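Just below is one structure, and these are the notes that go with it.
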Amino acid sequence: MDKIVTEEQQQQAIEALKRMVQHPSYLDQDHSAAGAPFGPGIAAALDEILAICQEIGFKTYRDPAGNYGYAEIGEGDKIFGIIGHVDVVPAGDASDWDSDPYQANIKDGYIYGRGTQDDKGPSIAAIFAVKALMDAGYQFNHRIRFIFGTDEENLWRGIAVYNQKEAPIDLGIAPDAEFPLIYAEKGLEEGYLTGPGSSEFTLEMQNPFNAVPAKASYNGPKLAEVKDALTKYHFDFVDNADGGITVTGKSVHAMNAPEGTNAVLRLAMALDEVFPSKPLDFIGKLFKEDATGENVLGKVADEQSGQLTANISTLTVSPQETKMQLDMRIPVTIDRDELLAQLRTAIAPYELAYETFDYLAPLYVPTDSELVKTLMSTYEEITGDQTQPQISGGATYARTMNNCVAYGAMLPGVPDFMHQVNENWELAKMFEAMDIYAEAIKRLCTTTK
């Protein structure tokens, strides 16, 4: 096949990505304003990417309230959507980085900066892949629409407004994951288990929903007995300088919970040996270290997307209340309402109630669909890799749209620096992703030159 992307478009993409990285576009609602509901950094990044698209010939639209924007090229009745996001997670302590996280730095063939992998880099790669098609003289028989979300790293509020106000796409991709392709994403259920508190001890272990906690500290009553219980279970812990202890585990993303070691659960199981508490009994006598929910719900799985995963990441205990955070990744064919009814029945004897905090419906696009077949054949022909399409417990914007799948931009073997210090993307891999996007969009959305 002919190579579509030239060195000129590669360099244009690098310069555009530098422009995007300079905006610290993380959630800052304390400084929200008209047209900037999630803070000035995100609004500036949205304006920047729309300006980039307009400069290369796209028609653009910015939601007046600042929830989303889009850029469009081409003609036709059908819309091919490419869904990305301009928000990022905070860089944390900039002194931990080898270079300024908000000034893109190229070193040894890699581009460094917050958003280079997630998701500014992939969005720019896809934009300039389309630019390469435009420069090569291809005519589009679809309206190719780049849709830019503004709240992907949090509650997806911006893309929800898009779906309320705009026409649906007919097919599309989200360049916010890995190649070759993700055709099924499990449902994401996050919520709170709440029950009575304790007059004998207090606990404050706060962690994100979506991470298996690697540490859990305790410095309260009956410490020696808690240590004995940990030793009985053969759970690792260390003594702290303040006289307390820290239980240690292994942190992984909640979608891969069975691969981790949950320190919060391990501490809770030890505490349950020492203190009378119905909510702790739920962990100590039923849930235990189960990361699949099988101890509570039985085996929950399907052929399309595998087994449910379950992660309890937070445990707080006060005289008034015990509260836990629960993250579940639900197989695509499982009825959520029935599952939650079963959960509520199972936790009732432990004086616990369940309340949903957030829910994202699953994604499933059949592997024999024209979209998946075309995307997969393009990937295989360019890379020579015959890896099969994947399922995921993670969540991308693909699940918010019709007939849409996550497609790249990270190639197999690329180290995952998303959300991490020194986030970077190898330029050679970025250019290869551009080649894949250009060829796939050519096959799906163009006529002959």
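The values are calculated or read from the model by the stated rules, or taken from the named source; none is laboratory data. This is a predicted model, so every value here is computed, not measured. Positions of Cβ are backbone-derived with ideal geometry, glycine not excepted, and every protein chain shown enters the neighbour counts. Accessible surface is based on the protein model in full, side chains and every heavy atom, while ligands, DNA and RNA are left aside. Shrake-Rupley method; radii C 1.70, N 1.55, O 1.52, S 1.80 Å.
Per-structure values
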item	result
Cα-based Lys pair tally, region 2-145, threshold under 15 Å, eight or more apart or on separate chains	4
Under 15 Å from Lys222, Cα to Cα: aspartates and glutamates that are on another chain or at least 8 residues apart	Glu200, Asp239, Asp272, Glu273
Relative contact order (percent, whole number), the chain, Cα cutoff 8 Å, 6+ residue spacing	23
Centroid-to-centroid separation of region 332-375 and region 410-449 [C-alpha atoms, Å]	30
Alpha-carbon radius of gyration plus Dmax, which is the widest Cα pair, for region 143-204 in Å	19.2, 64
Antiparallel bridge percentage (DSSP; both residues within the chain; nearest 5)	75
Using distinct alpha-carbon pairs, which all enter the 1/r mean, Kirkwood radius of the chain in Å	23.4
Overall Cα dimensions of region 211-300 - principal axes, largest extent first, Å	41, 27, 19
Ratio Rg/Rh [Cα only; Rh per Kirkwood] for region 1-135	0.99
Two-decimal ratio, region 148-271, of alpha-carbon radius of gyration to 2.2 N^0.38 Å	1.49
The chain, dipole about Cα centre (Lys/Arg Cβ +1, Asp/Glu Cβ -1), debye to the nearest 20	460
Semi-axes of the equivalent ellipsoid for region 254-326, Cα gyration tensor, largest first, Å	25, 12, 11
Relative counts (whole %) of C-alpha pair distances in region 312-437, using bins that are 10 Å wide	9, 29, 27, 20, 12, 4, 0
Calculated FRET efficiency for the pair Ala51/Asp368, C-beta based, R₀ 41 Å, to 0.05	0.50
Region 7-74 - convex hull of the alpha-carbon atoms, volume per residue in Å³	76
Stretchable slack from Thr333 to Lys222, in nm (0.36 nm times residue separation minus alpha-carbon distance)	35.4 nm
Listed residues Trp425, Trp156 arranged by accessible area, highest first, probe 1.4 Å	Trp156, Trp425
Extension gain, Gln390 back to Gln103 (0.36 nm per residue minus Cα-Cα distance, nm)	99.9 nm
Relative contact order of region 348-449, pairs being alpha-carbon contacts under 8 Å that are 6 or more residues apart, as %	30
